[in-house]
1. Whether any residue in region 281-298 is modelled with pLDDT of 75 or more, of a type in the set (Phe, Trp, Tyr) and surrounded by 13 or more Cβ atoms within 10 Å (Cβ to Cβ) is what I want to check.
2. Of the residues Thr26, Thr40, which single one is outside any helix (DSSP H, G or I), closer than 30 Å to Glu145 by Cα and at pLDDT below 80?
3. Hey, can you tell me all the residues within region 440-463 that are surrounded by fewer than 17 Cβ atoms within 10 Å (Cβ to Cβ) and in a helix (DSSP H, G or I)?
4. Restricting to region 220-244, and then to whatever is in contact with a His (Cβ under 9 Å, 6 or more places away or on another chain) and surrounded by fewer than 20 Cβ atoms within 10 Å (Cβ to Cβ), can you tell me which residue is nearest to Tyr163 (Cα to Cα)?
5. Of all residues in region 252-276, which are surrounded by fewer than 14 Cβ atoms within 10 Å (Cβ to Cβ) and not small (Gly, Ala, Ser)?
6. Please go through region 430-439 and give me each residue that is outside any helix (DSSP H, G or I) and open to solvent by less than 20 Å² (accessible area, probe 1.4 Å), ordered by number.
7. Select from region 143-162 the residues that are among the hydrophobic types (A, V, I, L, M, F, W, C) and surrounded by 19 or more Cβ atoms within 10 Å (Cβ to Cβ) and write down the one among them that is modelled with the lowest pLDDT.
8. Could you tell me whether any residue of region 266-289 is within 30 Å of Glu52 (Cβ to Cβ), of a type in the set (A, V, I, L, M) and within 24 Å of the chain's Cα centre (by Cα)?
Amino acid sequence: MSTRKIDIIEEQNLKLREIIDYQRKTLDSLFDISKALSSTTNFDAILKQVVERILPVLNAQSGIVWLLEQNTLKRCWEIFGCKEIGCQAYQNTDIKCWSVSNPHCCGTSRDGLESKIRKCINCQVFKGGILETAITIGMTPEIIEPHVLIIGEGLCNDVIMRYPEISVFHIFPAEDGIKSYRQAEWVSDKTLDRNPELIPEKYCFLETSISNPKTRIGIALMTQKQLIGIMCIALDRVHYLTDSEANLLINIARITAISIENAELYCTAEKRYQQIRTVLKEAHHRIKNNLQTIAGLFYMQLDKNQDKNIQGLLLDNLTRVKSISMVHQLLSQEDLKDVKLSSLIEKIIEMIINVTNSKERISFEVLGDEVEIPSRRATSLAIVINELTTNSIKHGIDYSGKIEVRITKENNQTHMEFYDNGKGLPQNFPKNLGLQIVSTLIEEDLEGTFELSSQNGTLARISFRG
């Protein structure tokens, strides 16, 4: 084999290795970016990780991202004096006019912003919106880029209006300052032997002179619903972008825009959730206060009434109201959906012991698994515990004794044993009102089972799903 053929083969192998190395670097970058974007909802973290991973792929010097300040966009119904109540965007700060069909410019089209941007860019709603610098990486004093971009002007207008949404500028030193050109085609295997077509175009950044040729790449961060911002990559040399590099940057920009949009949606949802949470906690707090007011009325009636039977009825209803109040107190302090069963039981038993002046003669203990129950079931269980505790104090334990509650959970079934070491139940014991309430709540509200037995005291077994 001749030396020339060997040289050609080595040259081809070198080129192939360069292609493979670039593809590997590209795949690594895409993997890192995808991993980074899926691991956080923080805007700054998303942008930082994306720019940091793009720069090595192009051997770029620096990167900067401007994000659109949404509050600088005008409202369509105010601009046009629109009163189309049926339009989704009408008086809605969350839905923008370009993301839905509207009566003024889009007719029945339901396409997103990307397909309408050429029309939207000159619209009074969109035009004049401000993009502010969100993150800069690798910036040096000789790179002078504007802190703010305005929709409809300069780079912002050029990048957003272009499809695909990327513009590449090459700038060269000249006697009168700078000569600027936009790359009109991407380098490919067919154009490797020549420079790509360059179109003279005004350069929009702030440098008035440079010492050596440079390249600036602007990419729009845009989704079907909104313009997120613009990213610019700066190289300290001229680099004619290849079609694979352009596709990579466009795809990264689209993924980044979607990730930021999702992060915004998450933050909005989280903010609304916290608002709802605050309102619900306040509601539970007020309900608790109202129930305590009712309990206060029962206390007043107890003080003024000397009839033992009536006092007993008032005391029973007092503890029921206070038990329900305990549920709302826990919901106003803890999670809005679930209540810790052991904490609820402890508070109710302690409350009843105090109300009945039984603290010196009765002790209690709550044992077992830590189980959380939905708030809708907590009220029913509060009344059940109230009735069982009241029965133990009034009918089970004569002088002194102990109440013990054990909670276990197996699979999706919660079991509760309520035991007192009192005298137990007499034979043929009829269910009083309290036990009838317990039985009804467990079987109908909780869709569970209730068993009552007497052996060295009284044992109530309760099982329910959840």
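The values are calculated or read from the model by the stated rules, or taken from the named source; none is laboratory data. Quantities reported herein were computed from a predicted structural model and do not represent experimental measurements. In this analysis, Cβ positions are derived from the backbone assuming ideal geometry, glycine residues included, and neighbour counts consider all displayed protein chains. Areas reflect the complete protein model, heavy atoms only, side chains present, ligands, DNA and RNA absent. Shrake-Rupley method; radii C 1.70, N 1.55, O 1.52, S 1.80 Å.
1. yes
2. Testing whether each residue is outside any helix (DSSP H, G or I), closer than 30 Å to Glu145 by Cα and at pLDDT below 80 leaves just Thr40.
3. Hits for region 440-463 are Thr440, Glu443, Glu444, Asp445.
4. Among residues in region 220-244 that are in contact with a His (Cβ under 9 Å, 6 or more places away or on another chain) and surrounded by fewer than 20 Cβ atoms within 10 Å (Cβ to Cβ), the one nearest to Tyr163 (Cα to Cα) is Tyr240.
5. Scanning region 252-276 gives Leu265, Tyr266, Cys267, Thr268, Glu270, Lys271, Arg272, Tyr273, Gln274, Gln275, Ile276.
6. Within region 430-439, no residue meets the criteria.
7. Filtering region 143-162 for residues that are among the hydrophobic types (A, V, I, L, M, F, W, C) and surrounded by 19 or more Cβ atoms within 10 Å (Cβ to Cβ), the one modelled with the lowest pLDDT comes out as Leu155.
8. yes
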